[in-house]
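Here the structure is laid out as structure tokens; the discussion comes afterwards.
The values are calculated or read from the model by the stated rules, or taken from the named source; none is laboratory data. The model shown is predicted, which means the values in this text are computed figures rather than measured ones. Methodologically, a virtual Cβ is constructed for each residue, glycine included, from the backbone with ideal geometry; neighbour enumeration extends over all protein chains shown.
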Amino acid sequence: MKNVLLINPWIFDFAAYDFWLRPLGLLYVAAVLRETADVDLRLIDCLDRFHPALGKLPGQKSDGRGHYPKVEVPKPAVLKSVPRRYSRYGLPLDVFERELDSIPVPDMVLLTCTMTYWYPGVQLAVELIRRKFGAVPVVLGGTYATLTEDHARRHSGADLIVAGPGENRIPALVRDILGDRAVRRAASYAAFPDLPRPAFDLLRDASCLPLLTSRGCPFSCTFCAGSLLYGRFEQRPPESVTAEIQDHAARFGTREFVFYDDALLLRKAEHIVPILEETVRHGRPVSFHTPNGLHVREIDPAIARLFWRAGIRSLYLSQESTDEDVLRDACPKVAPGDLERAMGCLEEAGYARPDISVFLIAGLPGQDASSVLESVRRVKALGAHPRMAYFSPIPGTRAWRSLVEKGSVAPDADPLIYNKSAYRFVGEGLSPEDYGELQSLLHEP
């Protein structure tokens with residue numbers, strides 16, 4: 001049997017925190033290979049906070065979030081002007097190298113990369129793989145490979161790049177690389193609901209797991225790549241999702257589930273409502289979290305009460321702005337008055353307003369500081385917790401294309417400048433003084 005090594009690489013960034021981050025796409029690919037191929041799979045997750053070599057890390061939360069170990073590293077040249085420290089987050093290098101020593105020599109390596117500007121982690125992983133195993137074939141997929149495919153081909157070090165969903169392409173590559181006998185059958189997954197459940201048994205800790213009940217997003221916010229990563233919006237049957245929740249709770253003892261959906265509440269009566277109602281009926285002691293944000297206009301009294309009964313404990317709302325011009329031009333999923341109505345519904349259902357987080361964006365092309373500050377004030381006036389999402393251009397989005405057309409961003413720019421913590425220093429948008437005023441407002445009681 002051939003050996004396939006899967007690697008979730010390090011994060012290189014100015015800041016990183018495990019906000020329920022798991023290599024879900026890679027685990028879906030692993031499950032597909034189990035259905036289609038005769039290969040032995042091993043996973044090295046460089047972001048595994050539960051690795052025994054790390055001991056007990058400080059600041060870990062019971063709901064699954066926590067700090068990564070980190071080591072400060074030199075900033076790349078393109079980021080030298082950013083007045084912040086740059087670090088590698090994840091397993092120490094010696095721990096990773098011991099992991100490589102402990103596994104059979106791989107016949108093929110599959111890598112992923114979540115953010116376009118985290119590609120230095122891919123480069124480091126490829127370098128260490130080559131040093132240990134020589135010319136083993138390396139295949140790279142994920143967001144970086146999809147949105148900046150040309151850069152990945154030229155700079156990642158991988159032999160093959162898979163842009164877009166890989167469930168039907170990876171088994172074919174396995175056959176091409178490892179031979180016909182390595183694959184039992186061709187992959188023919190016509191839709192997202194056809195996929196097997198992710199191979200969560202490859203994770204060291206499954207007490208907190210991601211759930212993807214839908215893939216893609218039908219909205220086209222100017223700053224978001226959701227519609228670029230997947231060609232269409234697809235939802236799984238509710239009974240498939242509830243069975244997955246129950247099975248993972250029984251098999252792994254999972255008590256924390258994290259919705260990764262970009263449009264969780266769309267067609268809610270046929271989708272999330274039966275999912276949550278079945279969870280309530282079954283009575284398992286589980287909690288849910290919504291870090292990708294919920295569409296505010298879909299929250300009504302009935303769904304708010306169901307959230308509370310079903311155990312949705314971390315609520316994040318995707319408001320983006322309270323400026324009507326910004327909503328109309330950049331974020332058509334929200335309308336004036338939606339947030340106020342949603343907050344009232346959630347409070348009546350039992351949620352304390354300070355426990356509700358509201359995402360707001362700062363630094364959009366053409367967005368002035370007064371608009372951002374007013375949005376923060378309005379969210380605070382409603383009693384909620386404003387959480388800032390700092391704009392950086394995502395290749396292929398409308399906002400990115402507008403910057404390219406203006407000459408503000410080169411179409412072949414190094415993805416490192418798209419780092420959300422760095423773009424406000426190297427790109428256009430709000431001034432340092434504007435950001436300083438924003439930070440002061442956010443920290444006011």
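I'd like to know if the stretch 37-45 contains one or more residues that are on the phi < 0 side of the Ramachandran plot and touching a Phe, Trp or Tyr at 6+ places or on another chain (Cβ under 8 Å). Explain how you work it out, then say what you get.
Filtering the stretch 37-45 down to residues on the phi < 0 side of the Ramachandran plot leaves 37-45.
Checking the rest, the ones that are also touching a Phe, Trp or Tyr at 6+ places or on another chain (Cβ under 8 Å) come to 44.
Scanning the stretch 37-45, I find at least one residue that is on the phi < 0 side of the Ramachandran plot and touching a Phe, Trp or Tyr at 6+ places or on another chain (Cβ under 8 Å), so the answer is yes.
From His151, His155, grab the single residue that is surrounded by 19 or more Cβ atoms within 10 Å (Cβ to Cβ) and outside the structural domain of Gly253 (by TED's automatic domain parsing). Give the steps one after another, and end with the answer.
Working: His155 fails: surrounded by 19 or more Cβ atoms within 10 Å (Cβ to Cβ).
It is His151.
Just the residues that are surrounded by 17 or more Cβ atoms within 10 Å (Cβ to Cβ) and part of a loop (DSSP other than H, G, I, E, B), please, taken from the stretch 56-68.
The answer is Gly64, Arg65, Tyr68.
Pairs, please: C-beta under 6 Å, at least 6 apart or cross-chain, first residue buried (at least 18 other Cβ atoms within 10 Å of the Cβ) and in the stretch 378-404, second hydroxyl-bearing (Ser, Thr, Tyr)?
Note: pairs meeting the criteria are Arg378/Thr322; Ser392/Tyr418; Ser392/Tyr423; Pro393/Tyr418; Pro395/Thr148; Ala399/Thr222.
Could you check, for the stretch 175-194, whether at least one of its residues is within 30 Å of Arg281 (Cα to Cα), surrounded by 14 or more Cβ atoms within 10 Å (Cβ to Cβ), at pLDDT 95 or above and in contact with a helix residue (DSSP H, G or I) (Cβ under 9 Å, 6 or more places away or on another chain)?
yes
For the stretch 345-355, state whether one or more residues are of a type in the set (Asp, Glu), part of a helix (DSSP H, G or I) and modelled with pLDDT under 95.
So far as the stretch 345-355 goes, no, none of its residues is of a type in the set (Asp, Glu), part of a helix (DSSP H, G or I) and modelled with pLDDT under 95.
State yes or no: is Val334 β-branched (Val, Ile, Thr), more than 23 Å from Ile272 (Cβ to Cβ) and crowded, with 16+ Cβ neighbours inside 10 Å? Give the derivation first.
On the way: β-branched (Val, Ile, Thr): yes; more than 23 Å from Ile272 (Cβ to Cβ): no; crowded, with 16+ Cβ neighbours inside 10 Å: yes.
Taking the combined requirement at face value, the residue does not satisfy it.
Output the helices (runs of 4 or more DSSP H) that fall wholly within the stretch 142-220 and possess 1 or more residues being of a type outside the set (Val, Ile, Thr) and within 18 Å of the chain's Cα centre (by Cα), or say none.
Numbers: elements: 143-147, 149-155, 170-178.
Output list reads 143-147.
Of all residues in the stretch 195-213, how many are touching a residue at least 60 places away in the same chain (Cβ under 8 Å) and surrounded by fewer than 18 Cβ atoms within 10 Å (Cβ to Cβ)?
Counting residues in the stretch 195-213 that are touching a residue at least 60 places away in the same chain (Cβ under 8 Å) and surrounded by fewer than 18 Cβ atoms within 10 Å (Cβ to Cβ) gives 5.
Which of the residues spanning the stretch 214-252 are within 18 Å of Leu266 (Cβ to Cβ), buried (at least 18 other Cβ atoms within 10 Å of the Cβ) and among the charged types (D, E, K, R)?
Arg215, Arg236 - these are the residues of the stretch 214-252 that are within 18 Å of Leu266 (Cβ to Cβ), buried (at least 18 other Cβ atoms within 10 Å of the Cβ) and among the charged types (D, E, K, R).
Among residues belonging to the stretch 275-287 that are free of Cβ contacts under 8 Å to residues at least 60 places away in the same chain and buried (at least 16 other Cβ atoms within 10 Å of the Cβ), point out the one that is farthest from Gly216 (Cα to Cα).
In this case the residue turns out to be Val286.
Tell me the residue from Gly64, Gly121, Gly90 that is small (Gly, Ala, Ser), in contact (Cβ under 8 Å) with a residue 12 or more places away in the chain, more than 18 Å from Leu140 (Cβ to Cβ) and touching a Phe, Trp or Tyr at 6+ places or on another chain (Cβ under 8 Å), please.
Numbers: Gly121 fails: more than 18 Å from Leu140 (Cβ to Cβ); Gly90 fails: more than 18 Å from Leu140 (Cβ to Cβ).
Matching residue, one of Gly64, Gly121, Gly90: Gly64.
Quick one: which of Asp325, Asp300, Asp329 is touching a residue at least 60 places away in the same chain (Cβ under 8 Å) and assigned by TED's automatic domain parsing to the domain that holds Asp368?
After ruling out the rest, the residue left standing is Asp329.
Go through the stretch 363-381 and give me each residue that's modelled with pLDDT of 95 or more and aliphatic (A, V, I, L, M).
Result: Val372, Leu373, Val376, Val379, Ala381.
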